[in-house]
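The values are calculated or read from the model by the stated rules, or taken from the named source; none is laboratory data. These figures come from a predicted structure and were not determined experimentally. Reconstructed Cβ throughout: ideal geometry from the backbone, glycine too, with neighbour counts over all protein chains shown. In case anyone asks, the SASA skips ligands and DNA or RNA and just uses the protein heavy atoms, side chains included. Shrake-Rupley method; radii C 1.70, N 1.55, O 1.52, S 1.80 Å.
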Amino acid sequence: MKFPLFSSLYGRIFAIFWLTLLLVVFTLVLLPILDPRTQHTIPAPDLHRFQAAAQNIGLRLAEARGPAGQRLQQLTHDSRRKGFQLYFTSTEGEIIAPDGRNKALRNFITMADDPAKPRQRLYGRWMMAGPFQVDAQPAPVLMYVGRIWHRPPPFFIQILDKPLQLLLVTMLVSTPLLLWLAWAVTIPARRLQQAAERVATGQFEADPTLEAGPREFRQAGASFNQMVRAINQTISGQQRLLSDISHELRSPLTRLRMATALAKRKQGDSAELARIDTEAERLEKMISELLELSRMQSNGQGQREHTDAGSLWLEMLEDARFEAEQCQKQLDYGTLEAWPLCGNPGLLISALENVVRNAIKYGRETIQIRFQPGADHLEIWIDDDGEGVPDSELGDIFRPFYRVSTARDRSSGGTGLGLAITDSAIRQHNGTVSASRSPLGGLQIRLTLPLDTTPA
Ligand SMILES: Nc1ncnc2c1ncn2[C@@H]1O[C@H](COP(=O)(O)OP(=O)(O)OP(=O)(O)O)[C@@H](O)[C@H]1O
Ligand SMILES: [Mg+2]
């Protein structure tokens, strides 16, 4: 059964508050009943014992000669030696024996004076019980019994009497409860935070578990999922548009190149025609890279598999080393082991390849690649000794089509999509990409990728 009150966070806190209040009131009502310092009925075995003693004393008084008062004094005196204390009063409440002032007795006889209903009460460590009727001549007297109460007062009484201890116990009891409450209340908040973090790393996935729990979080979760779906639709719409445009641009471009070839054949080669051809070729390359980028962004989430760093990158790095040697450059990649990774192999290979190719292209002599596995991440550093990138542009080189101002007019310059592809691929795998100045003098790119800790 579902209570509408408990389905909201407000209702849950409200209910816990009232439950605590109820517990406090219940304890306050119960405590006086359990406290031996308040008046209580005497336990049956003690009651029978005391009644029998009173009867016995009555019989002995009847047998004895001499004034009853003296005899009673003697009895109270004897009882003290046996470890307890007998008191005798008249039925009007005047103390007959023992002599002397007795505060506890005076207090007790004002509350318990009916021999038909004997009671007991604790005074410090002294337990008073009574009254019990003793048949004496000429008038009956009332007997009270006092004894040392050996049983320690109940734990809660000890605590109640010491405010500091009471505070400590209250804290001890309430801390786990409050911790539990805080933990329980923040579960949905944490789930929402994790979902937001996932979106921040580029995983636009709706999470159905967000739409459970207290009403307030359920509503926030539903809105969050709705937002993620809307973003997803916008992104995939844009990606589809990009992919369609790139695709559609290819046909006129092919026709343009064919027309240039025909013109060349008819009129012979000319500088203008050669220029048209190079630009068309550049455009074609750009379009095919754009197509690759959009394809990667739209289906990067699928086709994930358990793999390892060695089988992913060894072949590509060997090729790159060979390529570097052809350009009289030295590429060194240290040790590459089978560190476990999970992802789309194609994307992961091209992510590192684009950075390594840049290093070969822009480096002068040396390209250094280092792999460093951590507790849960694999770090990859790619350094070169080229010109590097001005500090102010380090963050921009990951933007599509961005080329550093000095490289823009270089004839060798690429389209500026390589690092955008790397950035997109690594972020789709929950990794990070950053650029800085290399100790070798050129550019240093640092990639991190989470290691695969789930069993295959
Ligand atoms: N190792 C490097 N040293 C110096 N500059 C670099 C280095 N790597 C990248 N850059 C600069 O960053 C820009 C963007 O790099 P990116 O790889 O995205 O494009 P590209 O290499 O120009 O073209 P593409 O890789 O698409 O063929 C480059 O144009 C270049 O100016
Ligand atoms: Mg490049």
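What the table below lists for this structure:
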quantity: DSSP loop trypsin sites (Lys or Arg not before Pro) with at most 10 other Cβ within 10 Å: longest gap in the chain; calculated: 102-456
quantity: Accessible area per residue in Å² at 1.4 Å probe, computed on the chain; calculated: 61 Å²
quantity: Computed lengthening from residue 250 to residue 387, 0.36 nm per intervening residue step minus Cα-Cα distance; calculated: 45.8 nm
quantity: Heavy-atom SASA rank of 426, 148 (probe 1.4 Å, accessible area, largest first); calculated: 148, 426
quantity: Which listed pairs, of 117/162; 82/103; 103/162; 264/285, have C-alpha distances above 27 Å, in listed order; calculated: 117/162
quantity: Listed residues 333, 123 arranged by accessible area, highest first, probe 1.4 Å; calculated: 123, 333
quantity: Cleavage-rule hits (GluC sites (Glu not before Pro)) in region 316-397: DSSP loop, at most 12 neighbouring Cβ within 10 angstrom; calculated: 337
quantity: Span-rule helices in the chain, defined as complete DSSP H runs reaching 30 Å or more along the axis (Cα) with Kyte mean at least 1.0; calculated: 9-34
quantity: Taking region 40-153 and dividing mean pair separation by its residue count, relative contact order in percent (alpha carbons under 8 Å, at least six apart); calculated: 30 percent
quantity: Accessible carbon and sulfur surface of region 40-153 relative to its total accessible area, %, 1.4 Å; calculated: 52 percent
quantity: Whole-percent carbon and sulfur share, accessible surface of region 304-450, 1.4 Å; calculated: 48 percent
quantity: Protein-only accessible surface order, largest first, of 48, 429 at 1.4 Å; calculated: 48, 429
quantity: Alpha-carbon centroid distance for the pair region 365-406 / region 320-363, whole angstrom; calculated: 12 Å
quantity: For region 40-153, size of Cβ-based charge dipole, Lys and Arg +1, Asp and Glu -1, in debye; calculated: 560 debye
quantity: Cβ-defined net charge surrounding residue 130, 14 Å radius [Lys, Arg +1; Asp, Glu -1]; calculated: +3
quantity: Accessible-area composition of region 164-299, carbon plus sulfur, in percent [1.4 Å probe]; calculated: 63 percent
